[in-house]
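Shown next, in structure tokens, is the structure this report addresses.
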Amino acid sequence: MTKYLTLFLFLISFSAWSNPCQIDIHPKNYLLSNSTTLLSKSLIKKSTCSKATETEFIRFLIDTKGNTSGKQISRVFSSLVNEKVTIKPDRISVYKLEDYLTERLSFSKSWFIREIKTPSKLSAITLDSSENLSIDCPNCNYPGNKSIRVIVSNSMSGANKYHMLNAKLQIKTRALVPKGIIKIDNQPLSKQMFREEEVYTDNPSSLFTNINTLNFYKVNKSIDDRAVLINDLVPVSLVKAGIPTKVILDNGIISLKSVATPLRSARFGETVQLRSSKGNKIIVGKVIDYNKVSVEL
């Protein structure tokens, strides 16, 4: 029985390799979708392969990037599906449109084109060998929402086709993201509540990123699974009016410690007046920690 089963499987495999099928796609392909159904309609010009093989090929293309040959793709894909599949044409390029636009429009390695939307809900922009792609985005020198015009030029006919896109030009940066839901409880934050990760944003200056000063703040709204913004936080009072606090007197060469009484409650970074414990002299310092003020001499 085992021998018959082995022979049967061998015959199926031999039949698949001895009767190759062919998939013809466009020479140049810029993907806007990960949907195999939509991309099959956009990318495949004609095919003698089964729908199952076509679907697997589209999945293969989604993970492909760059310029290659039909022969190379045929060889790699055939080995993956254990079936002889011929891919045409001879020269093929495949890019995610986000990646292609990022390479051409970004002024920095940390700038990225993301969340592309098209009025016609295109799944891909495809070109023939005589066509070339160019990009027009006059306002892509700063982050934010962008209108991008994609121009498809035909060198043979001299005709142009246009696609209008809406996208976000964002900056990849590191941010603090809560490990769980942080609710309003009037308690100072701690490092243990957060993790650092890379995020995309239109405005990096709006992010709160100083993990070492988290314990000087509390949230003014519940936050969960997103980068923490400066506007999400309010500072807590680190010194209280009438309660003696430590004072560090520093002139850049020597540092002295003393005690003084704040005339009002103050938060991290704020300037506050204090009454010295010696002689009732009024001094001015900057709040740097819980019950701690720095005074420059």
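Quick rundown of the values:
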item	result
Pairs where the first residue, in the stretch 110-139, is open to solvent by 80 Å² or more (accessible area, probe 1.4 Å) and the second is charged (D, E, K, R), C-beta under 7 Å, 6+ apart	115/168; 139/146
Scope the stretch 88-117; condition hydroxyl-bearing (Ser, Thr, Tyr) and within 17 Å of residue 42 (Cβ to Cβ); matching residues	93, 95, 100
Residues of the stretch 99-109 that turn out to be more than 23 Å from residue 131 (Cα to Cα) and either open to solvent by less than 40 Å² (accessible area, probe 1.4 Å) or assigned to a strand (DSSP E or B) (or both), as a count	1
Residue 96 among the basic types (Lys, Arg), surrounded by 13 or more Cβ atoms within 10 Å (Cβ to Cβ) and more than 30 Å from residue 19 (Cα to Cα)	yes
Enumeration of residues in the stretch 274-295 that are assigned to a strand (DSSP E or B) and under 27 Å from residue 214 (Cβ atoms)	274, 284, 285, 286, 287, 288, 289, 292, 293, 294, 295
Count of residues meeting criterion [in a helix (DSSP H, G or I) and of a type in the set (Asp, Glu)] in the stretch 32-84	2
Residue list for the stretch 166-194, filter: in contact with a Leu (Cβ under 8 Å, 6 or more places away or on another chain) and either hydrophobic (A, V, I, L, M, F, W, C) or open to solvent by 60 Å² or more (accessible area, probe 1.4 Å) (or both)	167, 169, 175, 176, 182, 189, 191, 193, 194
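The values are calculated or read from the model by the stated rules, or taken from the named source; none is laboratory data. Fair warning: this is a prediction, and the values are worked out from it, not measured in the lab. As a convention, Cβ positions derive from the backbone with ideal geometry for all residues, glycine included, and neighbour counts pool all protein chains shown. Ligands, DNA and RNA are excluded from the accessible area calculation, which covers all protein heavy atoms including side chains. Shrake-Rupley method; radii C 1.70, N 1.55, O 1.52, S 1.80 Å.
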